[in-house]
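Data first, discussion second: the structure below is written as structure tokens.
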Amino acid sequence: MENIRLEVVTRESNGLPVIDVAGEIDVYSVQMFKKALDEAFESGGKHILVDLTDVSYMDSSGFGALLGATKRLRPIGGSIGLIGCNEVISRMLKITRLDTIFNMYETEAEAIAALTGK
């Protein structure tokens, strides 16, 4: 899925859905991001990885989409793992205390090892 501001690609890695996101997640593009999160959940993903390495900007609508997905995953023992958060996104997560809700990883390999033991 792609628009001018955002590109979203979903793939699987070691049995986990990984959503690769590039561009800006904001009020204008968040529906595409939400759709990818919904599809990953509906495919049976207990844990969903979101690679934010190439995200240059995320506003409150993007954080809201992540929280909404987390609310769906928690009752089944699942979680959202964020990969490659830049300094600005990391700071926003800390300021809002959302860093206590999401598992944050530097690399995809680190996230997969933590969630699958591989």
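Around Gly68, with a cut-off of 10 angstrom between Cβ atoms, what is the net charge of the other residues, counting Lys and Arg +1 and Asp and Glu -1?
Values: positive: Lys34, Lys71, Arg72; negative: Asp38.
Taking every other residue near Gly68 into account, the sum is +2.
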I want to check a number: in segment 18-118, how many lysine pairs have alpha carbons closer than 17 Å, given a sequence separation of 8 or more or different chains? 6
Percent antiparallel among DSSP beta bridges confined to the chain, nearest 5, equals 40
Of all trypsin sites (Lys or Arg not before Pro) in segment 76-116, the ones in DSSP coil with at most 12 other Cβ atoms within 10 Å are Arg97
For the chain, what is the mean residue ellipticity at 222 nm derived from helices alone (per DSSP H run of n ≥ 4: -39500 (n - 2.57); sum divided by total residues; nearest 500 deg cm²/dmol)? -11500 deg cm²/dmol
Can you list the GluC sites (Glu not before Pro) in segment 38-118 that are in a DSSP coil and have 16 or fewer other beta carbons within 10 angstrom? Glu106
Could you work out how far the C-alpha centroid of segment 87-118 sits from that of segment 1-65, in angstrom? 15
Among (1) 103; (2) 210; (3) 88, the entry derived from the coordinates for volume of the Cα convex hull per residue in Å³: (3)
What is the local net charge at Gly78, summed over the other residues whose Cβ is closer than 14 Å to its Cβ (Lys, Arg +1; Asp, Glu -1)? +2
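No lab work stands behind these numbers, since they all come straight from the coordinates. Because the structure is a prediction, the values reported are computed rather than measured. FYI the Cβ positions are ideal-geometry reconstructions off the backbone, even for glycines, and counts take in every protein chain you see.
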